[in-house]
Amino acid sequence: MSNPLLLRGSRAAAALIGRRRAGGTDGLPGVRPAVQRRFIIDTSYSTHFMDFKGSSIPSSMKKLVVTKLSQDFREAVTVRTVPVPTPGDAELLVRNRFVGINASDINYSAGRYDPSVKPPFGAGFEGIGEVVGLGLSASSRYTVGDTVAYFGSGGAFAEYTVIPAKEGVPVPCVKPEFLTLLVSGATAYIALKRLGDLANGETVLVTAAAGGTGQFAVQFAKRAGCHVIGTCSSDEKAGFLKSIGCDRPINYSTEDLAKTLRKEYPKGVDVVYESVGGSVLELAVNSLANKGRLIVIGFISGYQTASGIAPFKGGTLPVKLLQKSASMRGFFLPHFIGDYKEALSSMMQMFAKGELVCEVDCGDMAEEGRFVGLESIFRAVDYMYAGRNLGKVVVEVAPPTADKSKL
């Protein structure tokens, strides 16, 4: 069913234009559009442009909405049918092709990030797809048919999402690999650069190393000339870690992690990139070398509990840090937005040159098959929390469509 909205405006100029992007996160070095940009009709007095014929924009869509605060994602989130939103002056309407799954999705659905936000509200932080509608101001940098990735404060788990044009990240094509960079890659890049103080020859321990962000921490530590240890839960993941440069994968399902670290690294490790929490965090503290740095980027082992925090015996933490002149620091990506553009640009260039592996897990090996459609997001979250993913978990929202636009 076609959207009843029409391309609005009191007058339309006859000229066809294609405007270059400027500002925002556009113009990233090494990133060039792989498809020809479609021009749009310049309607100088219009409020927005909508590519109805080319994208077959329906009047309604499916969207995942948090209707109850809970760390149980299935209990908190409901699939609803809602009207397709109309972009404002400086906004883009994106038809989502892929969305990324993050461990923190259940923290958001539990209301832990902003207690003032009450249900109902949209779920999901990141997506990638095609621009099918845009506001007048946004048309100075984008046009219908452009491909963009984005991450924000919720609402990505939908067939269509409206985003501020300034938050869009132009990408050459709709590949799920680009989603891995937005949160997972940026977290590893910025955290290690700003808080890790990596030096050539140091030893770095990455927990959950074969996961969405761990894979990047391994690669960036290797690029800094470090010896990298990575924890994982299977031989398949250990093999993957070796393929991306990890010097010592430790499969904790077959090896005793604490004993292995004590035996093979008696002087301790210089930097720990930690995302598990609980007993793993305790072990990481105990494994620090003199002047060691421990970076906490999460504690996934506790997210599914009522408190959201895994039990941690920290009574002697000040003593342990003092005795080793060690430090323990937290990292939350929104606090480092000033570093984001440079990080993304650098990673995009590395990926374009084939210097960065961006492993994606779309659930092809899951029991019920590939994650396709919004409803499969529930399975994807369960899959990640079962520790089965290798790389970043991504859901395919919709298949590609042929470009039929005459605009």
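The calculated 222 nm mean residue ellipticity attributable to helices in the chain amounts to -5500 deg cm²/dmol, summing -39500 (n - 2.57) over DSSP H runs of n ≥ 4 and dividing by all residues. Three semi-axes describe the equivalent ellipsoid of the range 58-99; taken as square roots of 5 times the Cα gyration tensor eigenvalues and ordered largest first, they are 24, 12, 11 Å. Whole-Hz Karplus values for the range 83-89 come out as x, 5, x, 9, x, x, 4 Hz, taken residue by residue from phi with 6.51 cos²θ - 1.76 cosθ + 1.60 and θ = phi - 60°; glycine and proline positions read x. Amide H contacts of L288: V269, each under 5 Å away and 5 or more positions distant or on a separate chain (H built 1.01 Å from N in the peptide plane; Pro and chain starts excluded). Annotation: the residues Y265, Y113, Y150, sorted from fewest to most other C-beta atoms within 10 Å of their own C-beta, follow the order Y113, Y265, Y150. With a cut-off of 10 Å between beta carbons, the residues surrounding I229 carry a summed charge of -1, where Lys and Arg count +1 and Asp and Glu -1. Working from the Cα coordinates of the chain, the gyration tensor eigenvalues give, after taking √(5λ), semi-axes of 41, 22, 18 Å in decreasing order.
The residue list T81, M365, Y252 was ranked by how far each Cα lies along the charge dipole of the chain toward its positive end, using unit charges on Cβ atoms, and T81 comes out on top.
Taking amide H as placed 1.01 Å from N in the peptide plane, the amide H of L294 sits under 5 Å from that of V272, S327, M328, R329, each at least 5 places away or on another chain. For the range 384-398, 3J(HN,Hα) computed residue by residue from phi via the Karplus equation (6.51, -1.76, 1.60; θ = phi - 60°) reads 5, 6, 7, x, 8, 6, 10, x, 7, 7, 9, 10, 7, 6, 8 Hz, glycine and proline entered as x.
For the cross-link pairs K175/K237; K242/K267; K63/K313; K166/K237, the ones whose C-alpha atoms lie over 32 Å apart are K63/K313; K166/K237. If the cut-off is 25 Å between C-alpha atoms, which lysines fall inside it for K68, apart from same-chain ones fewer than 8 positions away? Partners within reach: K118. Taking a sphere under 12 Å around the Cβ of L179 and counting the other residues whose Cβ falls inside, with K and R at +1 and D and E at -1, yields a net charge of -2.
When all alpha carbon pairs of the range 182-335 are counted in 10 Å bins from zero, the resulting P(r) reads 11, 44, 38, 7, 0 %.
List T203, T161, T180, T305 from most exposed to least, where exposure is judged by having the fewest other Cβ atoms within 10 Å. Write out the running numbers ahead of the final one.
Working: T203 21, T161 25, T180 29, T305 11.
If I rank by nearby Cβ atoms, fewest first, I get T305, T203, T161, T180.
Which distance in Å, rounded to a whole number, links the C-alpha centroids of the range 256-312 and the range 338-407? Going from one Cα centre to the other spans 27 Å. With neighbours defined as other Cβ atoms within 10 Å of a residue's Cβ, the residues T78, T316 order from fewest to most as T316, T78.
Values quoted throughout were computed directly from the atomic coordinates according to the rules given, and no laboratory measurement underlies them. Remember, it's a predicted structure, so these values are computed and weren't measured experimentally. With ideal geometry, Cβ positions are generated from the backbone for all residues, glycine too; neighbour counts draw on all protein chains shown.
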